[in-house]
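**Student:** First, the structure itself, so that you have it in front of you.
The values are calculated or read from the model by the stated rules, or taken from the named source; none is laboratory data. As the structure is a prediction and not an experimental result, all values here were calculated from the model. Positions of Cβ are backbone-derived with ideal geometry, glycine not excepted, and every protein chain shown enters the neighbour counts.
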Amino acid sequence: MRKLGLLAVTAALLASTAALADDVKVGIGISGWTGFAPLTLAKEAGIFKKNGLDVTIKKIPQKDRHLAIAAGDVQCAATTVETWISWNANGVATKQIFQLDKSYGADGMAVRNDIASIKDLKGKTVAASAPGTSPYFGLAWMLKKNGLTVKDVTIVNLEPAAAAQAFVSGQNDAAMTYEPYLSTVRAAPDKGKIIATTLDYPMVMDTFGCTPKFLTENPKAAKALADSYFEALEMIGKDQAKAYEIMGADVKQSGEQFGNSAKYLRWQDKAASQKFFETEFKTFNKEAAELLLEVGIIKQIPKVEDLYDASFIK
């Protein structure tokens, strides 16, 4: 009997090992935003693989990321909290499962040196990514806080890197962009100044989410994705120089340059992520959804409970 018992235990262990080793394929859509870099680190350092995941990371502009999800090219993505509202309201069902980062000056508005305030942007030309993206939302948010709307400016749709480059080369009166591209403006004070960032308007928070189908069919993989992210943060804490080098290389930066970009944001660990979904997430969603409705990005506000599932970070 004892021998049979041992055989049963051995079989169970082998079965569980096989399950852990059976890599789950998952495509993740991101951009070169500094806040998403720990996802790249988790892949390059073998953390995803160790946790039973076969991850493919694809750089997809934020304006197109939901299309890639809808087409099945990726199952998960990283983006700003308000963007998930837009995606769900426009028929691309997704659920956020953990928080990635919060911007502390990493997103901002650059203006020419003769522009004294955001109110002075009335009638001016501003470079910002397309409606439904974080820079566009950030622009709308800052304008509204200063008594203006997106109709009071002329918006030139440029992606964050192009917006910063165009501004530094003398095009447009202002630009909405983020790190590492915002540092292009910081390095060219003769071309303009950063008039406001997320230190002044704290409204950029990034989360990671997947399709409900993927989460239902792969609950262990979903938890492994969250765990892998938090492990990547631990690696940054233990060997920052090496981690910065790996993450910087992905966006053609040195470790030192990457570190200069990273100081303008805070990656969020498991405890912070848990707290976020219980508190700030719900209040921010309400205000963000109202603004998205106001500027015509969405036609109706989705239920907040349809936007997230915090069970994978318990």
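**Student:** For Asp152, which of the numbered conditions (1) at negative phi; (2) buried (at least 17 other Cβ atoms within 10 Å of the Cβ) fails to hold?
**Tutor:** Answer for Asp152: the failing condition is (2).
Let's see how each residue does on (1) outside the structural domain of Val92 (by TED's automatic domain parsing); (2) of a type in the set (A, V, I, L, M, F, W, C); (3) in contact (Cβ under 8 Å) with a residue 24 or more places away in the chain:
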| position | (1), (2), (3) |
| --- | --- |
| Trp141 | yes, yes, yes |
| Ile155 | yes, yes, yes |
| Ala188 | yes, yes, no |
| Lys220 | no, no, yes |
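**Student:** So, one more: For the structure I just gave you, tell me whether Ala116 is in the same structural domain as Leu158 (by TED's automatic domain parsing), in a loop (DSSP other than H, G, I, E, B), more than 21 Å from Ala288 (Cβ to Cβ) and of a type outside the set (Asp, Glu).
**Tutor:** Criteria met by Ala116.
**Student:** Any idea how many residues of region 128-148 are more than 20 Å from the chain's Cα centre (by Cα) and either charged (D, E, K, R) or under 21 Å from Ala188 (Cβ atoms) (or both)?
**Tutor:** First, pick out the residues of region 128-148 that are more than 20 Å from the chain's Cα centre (by Cα): 143-148.
Add one more test, that the residue is either charged (D, E, K, R) or under 21 Å from Ala188 (Cβ atoms) (or both), and what stays is 144-145.
So the count comes out to 2.
**Student:** Please work out which residue is surrounded by the most Cβ atoms within 10 Å (Cβ to Cβ), limiting yourself to region 81-98 and to residues that are of a type in the set (Val, Ile, Thr) and either outside the structural domain of Asp64 (by TED's automatic domain parsing) or closer than 14 Å to Phe137 by Cα (or both).
**Tutor:** Thr83
**Student:** Limited to region 239-280, what total is found for residues that are farther than 18 Å from Lys43 by Cβ, surrounded by 15 or more Cβ atoms within 10 Å (Cβ to Cβ) and of a type in the set (S, T, N, Q)?
**Tutor:** Residues meeting the conditions: 6.
**Student:** So Asp250 fits all but one of (1) within 29 Å of Gly91 (Cβ to Cβ); (2) in contact (Cβ under 8 Å) with a residue 24 or more places away in the chain; (3) in the same structural domain as Ile47 (by TED's automatic domain parsing); what number is the exception?
**Tutor:** Only one criterion in (1) within 29 Å of Gly91 (Cβ to Cβ); (2) in contact (Cβ under 8 Å) with a residue 24 or more places away in the chain; (3) in the same structural domain as Ile47 (by TED's automatic domain parsing) is unmet by Asp250, namely (1).
**Student:** Give the residue, chosen from Glu305, Glu231, that is out of contact with any strand residue (DSSP E or B) (no Cβ under 8 Å at 6 or more places or on another chain), within 30 Å of Lys25 (Cα to Cα) and modelled with pLDDT under 95.
**Tutor:** Glu305
**Student:** Is it the case, given these coordinates, that Leu139 is crowded, with 20+ Cβ neighbours inside 10 Å, in contact with a strand residue (DSSP E or B) (Cβ under 6 Å, 6 or more places away or on another chain) and not in a loop (DSSP other than H, G, I, E, B)?
**Tutor:** Criteria met by Leu139.
**Student:** Name the single residue, out of those in region 43-75 being modelled with pLDDT of 95 or more and basic (Lys, Arg), that is surrounded by the most Cβ atoms within 10 Å (Cβ to Cβ).
**Tutor:** My answer is Arg65.
**Student:** Sticking with this structure for a sec: Could you tell me whether Thr184 is part of a helix (DSSP H, G or I), buried (at least 19 other Cβ atoms within 10 Å of the Cβ), among the polar types (S, T, N, Q) and not assigned by TED's automatic domain parsing to the domain that holds Lys252? Break it down stepwise before answering.
**Tutor:** Numbers: part of a helix (DSSP H, G or I): yes; buried (at least 19 other Cβ atoms within 10 Å of the Cβ): yes; among the polar types (S, T, N, Q): yes; not assigned by TED's automatic domain parsing to the domain that holds Lys252: yes.
So Thr184 passes the test.
**Student:** State all residues of region 62-113 that are without any contact (Cβ under 8 Å) to a residue 60 or more places away in the chain, in contact with a strand residue (DSSP E or B) (Cβ under 9 Å, 6 or more places away or on another chain) and in a loop (DSSP other than H, G, I, E, B); if no residue qualifies, say none.
**Tutor:** Residues satisfying the conditions are Gly72, Asp73, Val74.
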